[in-house]
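In what follows, a single structure is set out as structure tokens and then discussed.
No value in this document is a laboratory result; all are computed from the given coordinates. Note that the structure is a prediction, hence the values are computed from the model and not measured. Glycine also receives a Cβ, built like all others from the backbone with ideal geometry; neighbour counts cover every protein chain displayed.
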Amino acid sequence: MASQAPNQPRPYPGNYLPNGGAASGPAPGAVPLLPNQGRVIQQGSVRVLCIADVRGNLQSLNQLAADARANYIIHTGDFGFYDDRSLDRIADKTLKHVAQYSPLLSDAVKRSIATAPPQPPIKERFSRERLPLSELPLFLTKQYTLNVPVYTVWGACEDVQVLEKLRSGEYKIDNLHIIDEAHSRLLDVGGVKLRLLGLGGAVVMHKLFDNGEGRTTIAGGQGTMWTTLLQMGELVDTANRVYDPTETRIFVTHASPAREGMLNQLSVTLKADFSISAGLHFRYGSSYNEFSVNPTLDHYRGKLAASKASFNDVWDTVKSEVEPAVADSDSQQRLLHLALDIVQKMPSVANGGNPFGGPAPGPQSGVIDESAFKNMWNFNLADAAYGWLVLDVDNGRIGTEMRAQGFNFAHRGGKVAPPGQAGQPVQPTAASGPPASAPSPAGQAQVRTGPPGAPQQPRQPTASVATPPIAQQIKTNPPTRTGPSPVPALPKEPIKSSTPQPGPAPANSAAEKAIPSEVKPNGTSAPEKTVSNS
């Protein structure tokens, strides 16, 4: 593992090879070598475990690494960056969401939090010992250590002040490496150089220009974190500075590029070969490229154009305030222009044009399109309690293994095996059949609350509680478009599943939708929504 300084001159200023392309000859200045002359040969494969959402249960990282026989871990956010003082800074409704899905809290405490009235606040109702947000303090005091190197970005539910202390070196944990917009990481393993580029936080359009309580380039407040436009610009700058055509680039992000066109465009700008993300909270991981999920290139352009229109609504409103704010800083102006250039290269309409900012339609217009459209592969992970992805790197080839606990469908047959006797047949009785109001499959599924191998406890379905809106530096309501939409109308809600759904959950406030909800029965996930600007 080696870290590349963000200010190092770019070693290869020339054109880069398209994803999946083969080099036509040696790199400039390279001399062909005889077999094994000057080369280091690695024996055996190297396994990189990719997981998401450990939610503060950091001891499970060692168990997961042992189970997967992993040499390294890549984590995609909601790591649990909370310290002993984070409880004082977190908003009550954010705390309610974090506590409800934390593997560190007992089921009795979770039930009490879920059914408690709004007043008094959760912090006053429970002692600090009963509300552990994360095991991070135990690792800061060296009571526990990480057995393998862990590379992680931050997610939507983190404490921005803890991240800034880790980035500055005030907090130090052995084998924990933060991937951010200013620091990439390089793993030279199994005959492949893996360059890790990361972007943390939730992507919320109207917060792209808001730093919240952040003192550096990262943004957050009251227990939540989000991405900023300057953060994206600095990531592009870092990626350009460390660019090496011999490396394989992995874009690690919390939000899914499949759901957000701007992130998808960013991954292309970074010349990424793979993207690894989380944030959808499915019980199965997914593996896809854009060619496999879009019937036509115009369909893909439509997703990018819709994201561009959403961004422009916000940018047109705050432009007069943002540009004077960065006028005194040449570096911030440069980062802003790099980020805006990402959006400008996105198509404005679904039909026609190169979605990656290439030449106008013509004989060569599809070269870059086809490369990224077909060869950049994306992985979206299940939560760590439900499954993982392993990259097996050996002799220059990257193989994959994906594991998922999945759903429990035993209830459909009316026969549920007793605990510890899953392989034994059960005779049907009057009590073994489903009751008149059978619980949903998600309610029947077993949820892990500890490391793999630990006894499983059933968790009752609960209503997802969202984060309250964060005070913003720039408060604005994006204008409503009065003209025709620049792209064909895209569905705003996913197609309803015919699977029976659980009864209506207690209604949340319309403004409390910043955090994605948990998975509904059998993979039907509620759409990610963002908080309306006040």
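Summary table below
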quantity	calculated
Length added when fully stretched, D244-Q143, from 0.36 nm per residue minus Cα-Cα	32.4 nm
Full-extension gain in nm, H299 to S348, via 0.36 nm per residue minus C-alpha separation	16.4 nm
Gyration tensor verdict on region 216-289 (Cα atoms; rounded if a/c is under 1.5, prolate if a/b is larger than b/c, oblate otherwise)	oblate
Region 116-199: C-alpha gyration tensor shape, a/c 1.5 cut-off, then a/b vs b/c	prolate
Distance between modelled label sites at D328 and R111, nm, 7 Å Cα→Cβ extension	5.8 nm
Mean Cβ count within 10 Å, highest first, over the residues of peptides 402-408, 51-57	51-57, 402-408
Cα-centre dipole for region 109-161 with unit charges at Cβ (Lys and Arg positive, Asp and Glu negative), debye to 20	260 debye
Under 10 Å, Cβ to Cβ, from K123 - net charge with Lys/Arg +1 and Asp/Glu -1	-1
Pairwise label distance in nanometres, R85 with A66, each label 7 Å out on the Cα-Cβ vector	3.5 nm
Cβ charges +1 (Lys, Arg) and -1 (Asp, Glu), total dipole of region 161-265, debye	120 debye
Computed lengthening from T400 to E124, 0.36 nm per intervening residue step minus Cα-Cα distance	94.7 nm
Packing-based order for 170-182, 105-117, using average beta carbon neighbours within 10 Å, highest first	170-182, 105-117
